[in-house]
1. If you count the DSSP beta bridges with both ends in the protein assembly as shown, what percent of them are antiparallel, to the nearest 5?
2. Over all residues in B:312-320, what is the mean tally of Cβ atoms on other chains that come within 10 Å of each residue's Cβ?
3. Once you wrap a convex hull around the alpha carbon atoms of the protein assembly as shown, what is its projected area averaged over all directions, in nm²?
4. Work out the charge dipole of the range B:66-248 with +1 on the Cβ of Lys and Arg and -1 on the Cβ of Asp and Glu about the Cα centre, then indicate which of B:Ala149, B:Ala206, B:His99 is farthest towards its positive end.
5. Could I have the simple spin-label model distance between A:Ser128 and B:Glu159, label points 7 Å from Cα toward Cβ, reported in nm to one decimal?
6. Scattering from the C-alpha atoms of the range B:66-248 alone, worked out with Debye: what is log10 I(q)/I(0) at q = 0.08 1/Å?
7. Just to verify a number: FRET efficiency for A:Gln27 and B:Arg14, C-beta to C-beta distance, R0 = 60 Å, to 0.05?
8. Please sort B:311-320, A:64-73, A:158-167 by packing, taking for each peptide the average over its residues of neighbouring beta carbons within 10 angstrom, highest first.
Amino acid sequence: MDEKTLGEKILIMDDITKVYDMGGEKQTVLKGIHLEVSKGEFVAVLGPSGSGKSTLMNIIGCLDTPTSGSYVLHGRDVGGLDEDALAGVRSKEIGFIFQSFQLLPRLDALSNVELPLIYSGVPAHERSALAEKMLVRVGLKEKLHHYPNQLSGGQQQRVAIARALCNNPAILLADEPTGALDQQTGKQVMSLFHDLNEEGHTILMITHDQGIARHARRIVRLLDGILSEGGVEDA
Amino acid sequence: MLKESLRMSWQNIRANKMRSFLTILGIVIGVTAIIALITTVEGATQEMTRQFSELGAGKVSVSVSGTALKRGLTEADLERLSELDNVESLDPTVSFTRHVSNGQRLTENVTIEGRNAVYFQRSDGLLSAGRGLTPMDMDRNSHVCVIDATLRSALYPGEDPIGQTLIVGGQRFTIVGLLSDGSEDVMSVMFSSGDEGKVILPFLTAQRMVHSNSVTSLGIYIHDTTRTDETIDDIEGVLNAAFNYKDDAYRVINLESLLDAMDTMLGMMTTMLAGIASIALLVGGIGIMNMMLVSVSERTMEIGLRKALGARPKAIQVQFLLEAVMLSLLGGVIGILLGNMLSLVFALWLEIDFTLSAGAILLAFLFSATVGVIFGWAPARKASQLNPIDALRSM
């Protein structure tokens, strides 16, 4: 890692709140979140269901906008950006990894990985080379042209990770990445996360599972919309 | 980007083959109907125009029924007509039937036509062998004639009729020419009395044969076809004078105006029928809209995912719109092929020429593309406005 970029803040959230209007009744899901993530960190957000995890993840992933507060991602204030601009931010800065992989069943592994490259405007001839490199990186060299239904759960999640990596995003955002996997496979995916983190990738993982959260270097707890720093022991 | 969208749309259409096929069926039927209709009517119109124009452009036909006192036009009347401004030449015809023989065989009820040399000068492709009647034949009252294919096969089967002798009404004629098959123009078919064959003699010779010097059928060739109407007025003036203003004594038929009227009528009919057929296109468009709406809700997760991966709303909209247009165009192309095949069958059946109508193809193509855009717009917009969070949650 470049010396100068050490300690650079990838993500700065200040006093983020999110209020939903449920048929006239206001429900505050996030109550003033402060969160900073530096480059090269591996952070787990640990919280039970209903704690506001998904809402936080959507805001971090620029899929949703906060009701109030400021959010600076990779040096850019993303509050007040319009939908097109947010799509651009998602394309360049964020690599999503979902619980249920979210691969398109009609596309093979390579084409699935190419998808974000299409939307970030990478020319066709560079796309497949780049996508192949990413699939090799996650250990699927032999499976480039397999369709999702020909791959195991673990392999599908690796394809999804390759897809998240291919635009070289500022942050990998993983939502319960092992939720749909058995323990053994989940461990393998976690060890891949470790390796990626060693290589300098910044990872933010959201989970309700303490065992999974332990794989991260830093854990923050989310409970009833309030975030607090702390180890697994305190959770 | 556009190429990717095209590829993705095509993949999706292919993934649901049966559904896509049923969806485009309405478009296929509509376009097939429109193409078949326009192409067939165009073919029929061309055939009719061809038949009419064989008479030569700028020809006005006069047919005289006469009055009790005066059966037909006299030499003096013809003189006056030929002196009219813009009249190029006169082509009077006399027509009757006689027995005809070659010395051994006899054919009854053969149509005998007396014609001037101008008829042969003005009609291309009239003869299949030999020559036509010339001004010299007229001046000398030569005993020469031209026969048609029917008479040839009746009297001279397997022989060359040119130079042979034909006996008409007790007089001997030398055959100098053979009419080609199907060369008969519309008017002579309308006025001929039998299908036992036809002999064309020099006009005066034929006129003498019926002991008449009045003309009941006349073609008038005119110079400047842009002034046809004026000239017709002049002609009618002469005829009125000749028949004492009894205007039911004659008829002046301008084939061009007849053709124009028919063209207009056919055009109106085509437009009307095409209008009815385009209702099928409308129904087809609604089918596409329905399918696209289903497709959007089925692929909610896919849309959400694409958005999460950085697709702008516009990109999603373009993809779904392209899919609708592609479906519609696919239906259009199939319809164009089927429609042309159908009109080829019609053309063979009705014995008219088959020509690909570029205009109809272009129209069908544009129409189906437009249907795709119009009916694909709303579903595509719906897809582009899906909230990615809701979309992803629906998995």
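Every number in this text was worked out from the coordinates using simple rules, so none of it is lab data. This one's a predicted model, so the numbers in the text were calculated from it and none came from an experiment. Cβ coordinates were reconstructed from backbone atoms using ideal geometry, including for glycine residues, and neighbour counts include every protein chain displayed.
1. Antiparallel bridges make up about 70 percent of those DSSP assigns within the protein assembly as shown.
2. 2
3. Computing the convex hull of the Cα atoms and averaging its projections yields 45.0 nm².
4. Among B:Ala149, B:Ala206, B:His99, the one farthest towards the positive end of the dipole of the range B:66-248 is B:His99.
5. 8.0 nm
6. Normalising to I(0) and taking log10 leaves -0.27.
7. The calculated FRET efficiency here is 0.85.
8. Most protected by this proxy first, the peptides run A:158-167, B:311-320, A:64-73.
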